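Have a look at the structure below before the remarks.
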Amino acid sequence: MFDYKHEINLFFYESEKSSIFVFLYTVAYYGLTFLSLIAMSSVFALFSIVSKSTTSAIGFGMGFLLSSIVYPTIFNMAGFSSPFILFSSLPMIQYQGIALMLASKAVFYFNLAVLLTYIIVANSFMIYFTNKKDFFY
């Protein structure tokens with residue numbers, strides 16, 4: 001039905017890659033996607049811990065999501081299109097950044113630093129607020 005190819009084209013790569021490279025690329029892609037999911041979940045968990053009600057937690061989460069989508073678009077429309085501004089947003093990393101991370105080392109390290117920063121900061125504040133409110137006793 002379909003022709004078998006020994007080499008496959010990937011996003012942001014000019015040459016075709018072997019099947020072993022494509023397999024490792026796929027594993028790395030899903031690993032980075034999982035890391036971005038952890039970062040987004042950490043931020044939403046922080047909002048739910050800080051909020052007094054479910055409605056405010058959903059509102060903070062939606063506000064964060066919408067502002068994370070809007071501010072790179074506004075900077076891009078204003079002419080300040082920089083990958084550092086674009087990929088400081090979690091949804092943009094999930095949308096375009098992961099494929100570009102695997103193609104470029106400079107973007108890889110920047111996006112990895114952004115993801116780890118979101119995870120560390122959100123989890124640090126979660127630990128602070130849970131210890132402050134004394135939820136475990």
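The values are calculated or read from the model by the stated rules, or taken from the named source; none is laboratory data. Given the structure is predicted, the values throughout are model-derived calculations rather than measurements. Here Cβ is always computed from backbone atoms with ideal geometry, including for glycine, and neighbour counts include all displayed protein chains.
For segment 64-110, filtered to residues that are of a type in the set (S, T, N, Q) and in contact (Cβ under 8 Å) with a residue 60 or more places away in the chain, the residue that is surrounded by the fewest Cβ atoms within 10 Å (Cβ to Cβ) is Ser104. How many residues does segment 1-22 contain that are aromatic (Phe, Trp, Tyr) and free of Cβ contacts under 8 Å to residues at least 40 places away in the same chain? So the count comes out to 3. With a requirement of 2 or more residues that are modelled with pLDDT of 90 or more, on the phi < 0 side of the Ramachandran plot and over 14 Å from the mean Cα position of the chain (by Cα), the helices (runs of 4 or more DSSP H) lying completely within segment 42-104 that satisfy it span 54-77.
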